[in-house]
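The block underneath contains the structure these notes are about, expressed in structure tokens.
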2 protein chains.
Amino acid sequence: MKKLILNLCLLAGMLPSPLHAQEAIMPGMRDIKSPVVSEAGSVQFWLNAPHAKKVYITGNITRFNKGDFDPSEQPAKGLVPLKNDGGLWEVRLDSLVPDLYTYKFVVDGIEVLDPLNSHVLRDVASVSNMVLVPGEESKDFVAAGVPRGSVHTSWYRSCFRDTDRRLSIYLPAGYDSSDRHYPVLYLLHGMGGDETAWLDQGRAAEILDNLIARGEAEPMIVVMPNGNMALDAAPGHGPLGLDQPNFYLPHTMDGVFETYFPEIVNYVDSTFRTIPAKESRAVAGLSMGGFHSLYLSANYPGLFNYVGLFSPAVDPTQFNKNGLPEMYRDRRVKIKDQFRQGVRLYYMAIGEDDFLYEDNKKFRAELDADSIPYIYKESKFGHEWTNWRRYLADYLPRLFR
Amino acid sequence: MKKLILNLCLLAGMLPSPLHAQEAIMPGMRDIKSPVVSEAGSVQFWLNAPHAKKVYITGNITRFNKGDFDPSEQPAKGLVPLKNDGGLWEVRLDSLVPDLYTYKFVVDGIEVLDPLNSHVLRDVASVSNMVLVPGEESKDFVAAGVPRGSVHTSWYRSCFRDTDRRLSIYLPAGYDSSDRHYPVLYLLHGMGGDETAWLDQGRAAEILDNLIARGEAEPMIVVMPNGNMALDAAPGHGPLGLDQPNFYLPHTMDGVFETYFPEIVNYVDSTFRTIPAKESRAVAGLSMGGFHSLYLSANYPGLFNYVGLFSPAVDPTQFNKNGLPEMYRDRRVKIKDQFRQGVRLYYMAIGEDDFLYEDNKKFRAELDADSIPYIYKESKFGHEWTNWRRYLADYLPRLFR
């Protein structure tokens, strides 16, 4: 009953006084809940750490913070201190833009996940807690009361290293109960991501379910392959078992993914009820996946009618110091030819703080010089999922109609 | 290079001396790897925590430990202390039976995940790290060089609360490239689990891939529904978004799951290429899922030819204080009728330390009194995944042949 009263208080946007907090939540009792999200864009965090000297919270949730802490206490960008109340530490972050946020605690110099929050997310080799601040900007990250698509994790045979490679496939609601054929979007992850990234961090299935249910996007199949050719599958799912691969691996942006990409299209078109034609095929990706989308569509001008580059890497020289593979040569010539053969949509988006901003500016200047038409969207923030989820939601309604 | 030398040492089963450790791994450098698994059943853990006063490791990995620590330092069962070497903490656990283990650190009283291990597992509302000790007993938890089945997460319509409910479906390798029809195993999770439990903790897809590839199990479809009728889906995937449901929810063992179960069979038989007949249908489950398997098979005697009860709950009174629902009444009569109609296999397994051991003993006595034939396996350990993975691997080869 005490817990109920506390939560109602927080939901009403009121911070309980230390007295109330002590009454309701005795350290050690563990009758606390964290995080507690209010409708008003505030999140209250609690951590029971009686022996700790200093506790901070970090993660992308601290960036937009305008909360009730003293900024002078902040030792570094992105670290917000918690207040100690008899061993129970707490902080409230306010004015949070509705979004899916990540966070961790830092207790006396050690990263600590919130023991009261079982929602965790792996990004590359780092694990964080997640919290969803509800509101207009994040409403499509949860699918409620709409028909749900299914998600498959399947394996296709690759001639590269002669292995089975894992991919995720979203099939729209109604796929199993009809004979309909669907257009296909190939949705590519960034370096360090894998075939789970757009589903976990990107909430792609929920975004698709919602947009399709509202009639804002066409029902489509979405294929999410693993773009790192040195790995067969996301960590834990492949022949490596629970061994941890290094972050920097070969065959990310060296032309191998692009060379073997037709294997994926063949597998998908022979396994699912696709419309196997350029008019009904799109590609999009973030960062390295934007790079792959750029060069895939330029090298296979008959494959994609829609191209989406989200915060894309564009410069192939960094990963090919000893000379460019064929896939990355003659970009201008290839893109001109690609557009001669027909491109319905060439969509680019990047954040104003993105470390790839200048590279993208140069690439757009190249397109402009060649009179290549494209749609360009510039957003706030940098190289991050906050943007990529929004770019996806902005891109999907433009496809196949 | 230093890191490479260190790892080779550990792989050879030798513990590096503190001197070596200090040379190779300066605190703060973070050039450490954790966990480091050796072929010999030892795992070395490292944690950089310069300000910590006391660090322990906990989780099921500490139970079998015969390592190099001083047991007198152990403050509680299952807590093994780490040694502090200039802020770098370490412990080696030896003589580990090959298995998938979970662990966490406890730093000055706070649970801390290993920041160097991105393999995490949610069990109920608690998140732990995972580490795999390779060997004969755990070899099937990784699938390497064998054809891989696909895993679907789909949604079926339930008349209970009129919602879509999520389930996981394993389709064996070759399903997509043939017109073959397959037998179906319904594989049920425990209380607090969900439709992801047998895949994540249970490594069911990998176990099936390996056993089918070796010809030890028939190719089959495996359906893993969500057995908690108060929830539509595993945390994070349903309409609740990232809200955290309570552990204790209604509609776990109150007859509702059993009442609405035919919806799942209808969905599966109408969506996948099943052999829709009792001869080709099995059910099995752990704990609450064993309870569900018992009462489903007894109440629908025409449904299942194979029944597997893994550490099952058997007593329906605990969750039905105000009287038994129809599904749980007249058990003896129903089971006798079930066997009269034909049961090819009634398989039971439990660990000698299981808290349900006595309940199971009584249930077996009831079966014996009624001359009901069954296979009974008793193992070491208690109510835990170590056993359930083994029971599954022991059960699968007995099905559909």
- request: Tell me which residues, restricted to the stretch A:243-279, are closer than 30 Å to B:Gln201 by Cα and surrounded by fewer than 21 Cβ atoms within 10 Å (Cβ to Cβ).
  value: A:Asp243, A:Gln244, A:Pro245, A:Asn246, A:Phe247, A:Tyr248, A:Leu249, A:Ile264, A:Thr271, A:Phe272
field: Members of the stretch B:100-120 found to be more than 23 Å from B:Glu384 (Cα to Cα), facing chain A (nearest Cβ under 7 Å) and not in a strand (DSSP E or B), listed by number
entry: B:Asp108, B:Gly109, B:Pro115
message: Any residue that is surrounded by fewer than 19 Cβ atoms within 10 Å (Cβ to Cβ), assigned to a loop (DSSP other than H, G, I, E, B) and within 9 Å of another protein chain (Cβ to nearest Cβ) - is there at least one of those in the stretch B:149-171?
response: no
query: Which members of the stretch A:13-37 meet the condition of being modelled with pLDDT of 90 or more and either at positive phi or in a loop (DSSP other than H, G, I, E, B) (or both)?
result: A:Lys33, A:Ser34, A:Pro35
field: Any chance B:Lys83 is at pLDDT 95 or above and within 22 Å of the chain's Cα centre (by Cα)
entry: no
query: Which number in (1) of a type in the set (S, T, N, Q); (2) modelled with pLDDT of 95 or more; (3) within 23 Å of the chain's Cα centre (by Cα) marks the one condition that A:Ser95 misses?
result: (2)
task: Check the stretch A:82-95 and report whether any residue there is buried (at least 17 other Cβ atoms within 10 Å of the Cβ) and facing another protein chain (nearest Cβ under 7 Å).
output: no
task: Kindly indicate whether any position in the stretch A:127-144 is more than 9 Å from chain B (Cβ to nearest Cβ), surrounded by 21 or more Cβ atoms within 10 Å (Cβ to Cβ) and assigned to a loop (DSSP other than H, G, I, E, B).
output: no
- request: For the stretch A:209-244, name all the residues that are among the aliphatic types (A, V, I, L, M) and free of Cβ contacts under 8 Å to residues at least 40 places away in the same chain.
  value: A:Ala230, A:Leu231, A:Leu240, A:Leu242
field: the stretch A:245-268 - residue that is under 21 Å from the mean Cα position of the chain (by Cα) and touching a residue at least 60 places away in the same chain (Cβ under 8 Å) and, of those, nearest to the other protein chains (Cβ to nearest Cβ)
entry: A:Phe247
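Residues checked against (1) on the phi < 0 side of the Ramachandran plot; (2) surrounded by 15 or more Cβ atoms within 10 Å (Cβ to Cβ):
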position: B:Tyr347; (1), (2): yes, yes
position: B:Asp353; (1), (2): yes, no
position: B:Ser371; (1), (2): no, no
position: B:Ala393; (1), (2): yes, yes
position: B:Arg401; (1), (2): yes, no
message: Checking the condition in contact with a Gly (Cβ under 9 Å, 6 or more places away or on another chain) and of a type outside the set (Gly, Ala, Ser), which residue from B:Tyr346, B:Tyr306, B:Tyr300 passes?
response: B:Tyr346
Extreme residue, modelled with the lowest pLDDT, among residues of the stretch B:38-74 that are among the aromatic types (Phe, Trp, Tyr) and part of a loop (DSSP other than H, G, I, E, B): B:Phe69
task: For the stretch B:190-249, name all the residues that are assigned to a loop (DSSP other than H, G, I, E, B), among the acidic types (Asp, Glu) and closer than 21 Å to B:Asp99 by Cα.
output: B:Glu216
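The values are calculated or read from the model by the stated rules, or taken from the named source; none is laboratory data. Please read all numbers here as calculations on a predicted model, not as lab measurements. Neighbour counts run over all protein chains shown; Cβ positions are idealised from the backbone, glycine included.
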